[in-house]
Amino acid sequence: MSENSQNVSCHLSSDSMKVIAESVGLSTISDDTSNYIADDVTYRLKIVTQEAIKFMQHGKRRKLTTSDFDQALKVKNVEPLYGFTAKEFLPFRHASGGGREIHFIEEKELDLSDVVNGQLPRLPQDISLKAHWLCIDGVQPAIPENPPPVSKDLQKLESVNPSIKVTHDKLKPKSLSEIAWAKHKMKDKVNLKNLSSHELSVEQQLYYKEITEACVGSDETKRSEALQSLSSDPGLHQMLPRFTSFICEGVKVNIVHNNLALLIYLMRMVKSLMDNPSLYLEKYAYPMLLYPKYR
């Protein structure tokens, strides 16, 4: 230890204990009692402060906060104090009189009637848990909680170079039966152009039917739910050509009949698809804009 270092000792005085006792209604307290309480309170404060400094050092901080003291009180199995959430140091006032010097915090007096009649703060949202299927029989379901099966960047590359989709499909792991069948076909291999399949499953067909009926139907609640699904569902890239054809045909028919209501509903479908962050709509933009342009 260097010669310039000094040990600073802090000790609460008996006068402070008497002032605190007077604030809680104890007007008469002996000197021996105040000295004993001062020694005990000083010891307790030093223990709690040392624990709080440990939390400050583990947090790589140089400023001691009230949360450090809360953690220290929890370590000592003491219920932490509530309401002290000030981020900056509180200003202390100095007062002297009658041979005593006191440092105190100037607190603003509140009218109880104003507090009772005041507006209540909003309740925080309760913690809730939601379960969803991450994988079903080795297949990841296309729901908003799971990542999209095909990213937006890959959709953009497929629209520019369709051979990328074939290359991407070849990189997928194959089963032993598929490998054996491929070896068998290698004997009389014929070079054919790869065709991409756009078949929809039964669930996707039902989804397409429900969404299209809800978007142009008369029930506003179902329409809002359908539009919300179109703007957030990450597994719509396979059904995007169907939705594009539905919108284009709907615009073509309703422009002829001057049906403004259905045209607005179809444009809301376009807006929801544009808001979906997992869809790439550039290659479908021309068919959707073709009919309104030339009518």
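The values are calculated or read from the model by the stated rules, or taken from the named source; none is laboratory data. A quick note: this is a predicted structure, and the numbers were derived from the prediction, not measured. Virtual Cβ from ideal backbone geometry, glycine too; neighbours counted across all protein chains shown. Protein only, heavy atoms only, side chains kept; ligands, DNA and RNA dropped before computing areas. Shrake-Rupley method; radii C 1.70, N 1.55, O 1.52, S 1.80 Å.
Could you size up the charge dipole of segment 31-85 around its Cα centre, putting +1 on the beta carbon of Lys and Arg and -1 on that of Asp and Glu, and report it in debye to the nearest 20?
Its charge dipole is roughly 620 debye.
Would you mind checking the pairs LYS222/LYS252; LYS130/LYS283; LYS222/LYS283; LYS18/LYS108 and listing those with alpha carbons more than 26 angstrom apart?
From LYS222/LYS252; LYS130/LYS283; LYS222/LYS283; LYS18/LYS108, over 26 Å: LYS130/LYS283; LYS222/LYS283.
Can you figure out the FRET efficiency of ILE29 with ASN77, using R₀ = 35 Å and their beta-carbon distance, to the nearest 0.05?
Here the calculated transfer efficiency is 0.75.
If each residue of separation counts as 0.36 nm, what is the full-extension length gain between HIS94 and VAL202 once their alpha-carbon separation is subtracted?
31.0 nm
If packing is taken as the average number of other Cβ atoms within 10 Å across a peptide's residues, how do 220-226, 75-81 rank, most packed first?
Top of the packing list down: 220-226, 75-81.
At 1.4 Å probe size, put ASP233, ASP15, ASP70 in order of accessible surface, largest to smallest.
Largest accessible area first, the list is ASP15, ASP70, ASP233.
Add +1 for every Lys or Arg and -1 for every Asp or Glu among the other residues with Cβ under 13 Å from the Cβ of ILE102, and state the total.
Net of charged neighbours comes to -1.
How charged is the neighbourhood of GLU210? Take every other residue with its Cβ under 11 Å from the Cβ of GLU210, and add Lys/Arg as +1 and Asp/Glu as -1.
Residues close to GLU210 contribute a combined charge of -1.
Please give the solvent-accessible surface of SER30 in Å², to the nearest 10, using a probe radius of 1.4 Å with every protein chain present.
60
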